[in-house]
Amino acid sequence: MHTHAFYGRLLLKFTEGDVELKEWKCVQVKDHNDVGRTIDEWQKNGWRLHTYQTAGMGAGPMAYKVNHYLLFEKGD
């Protein structure tokens, strides 16, 4: 399975201290056959699917390549 993950955490600062918000991870899936397995795997580890987006890549012979981007969230 070909996936890439981008990690991040949102942090909101107030004058009285820090309040931590949701953690998120964006996972790139290159083959549509792996999308369902990837969602299942991440949900079993406590993540919730927030957004699913696709993007066609290139032109000509590359026009048939589609990347799938899954944005997962965790936390309050």
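Every residue in segment 50-76 that is in contact (Cβ under 8 Å) with a residue 24 or more places away in the chain and under 25 Å from K22 (Cβ atoms), please.
Hits for segment 50-76 are H50, N67, H68, Y69, L70, L71, F72, E73, K74, G75, D76.
Please find, within segment 19-50, the residue that is surrounded by the most Cβ atoms within 10 Å (Cβ to Cβ) out of those that are among the charged types (D, E, K, R) and in a strand (DSSP E or B). Show your work before the answer.
Residues of segment 19-50 among the charged types (D, E, K, R): 20, 22-23, 25, 30-31, 34, 37, 40-41, 44, 48.
Those left that are additionally in a strand (DSSP E or B): 20, 22-23, 25, 48.
On the way: E20: 11, K22: 14, E23: 14, K25: 17, R48: 14.
Across segment 19-50, the extreme among qualifying residues is K25.
If you check G46, G56, which single one turns out to be out of contact with any Pro (no Cβ under 8 Å at 6 or more places or on another chain) and modelled with pLDDT of 90 or more?
Numbers: G56 fails: modelled with pLDDT of 90 or more.
That would be G46, the only listed residue that is out of contact with any Pro (no Cβ under 8 Å at 6 or more places or on another chain) and modelled with pLDDT of 90 or more.
Would you please name the residue that is farthest from L70 (Cα to Cα), looking only at residues in segment 20-49 that are of a type in the set (D, E, K, R) and in contact (Cβ under 8 Å) with a residue 40 or more places away in the chain? Lay out the reasoning, then the answer.
Taking segment 20-49 first, the residues of a type in the set (D, E, K, R) are 20, 22-23, 25, 30-31, 34, 37, 40-41, 44, 48.
From the residues that got through so far, the ones that are in contact (Cβ under 8 Å) with a residue 40 or more places away in the chain too are 20, 22-23, 25.
On the way: E20: 22, K22: 16, E23: 14, K25: 8 Å.
Among them, the one singled out is E20.
The values are calculated or read from the model by the stated rules, or taken from the named source; none is laboratory data. Nothing here was measured: the structure is a model prediction, and the numbers come from that model. Glycine gets a Cβ as well: all are built from the backbone with ideal geometry, and neighbour counts include every protein chain shown.
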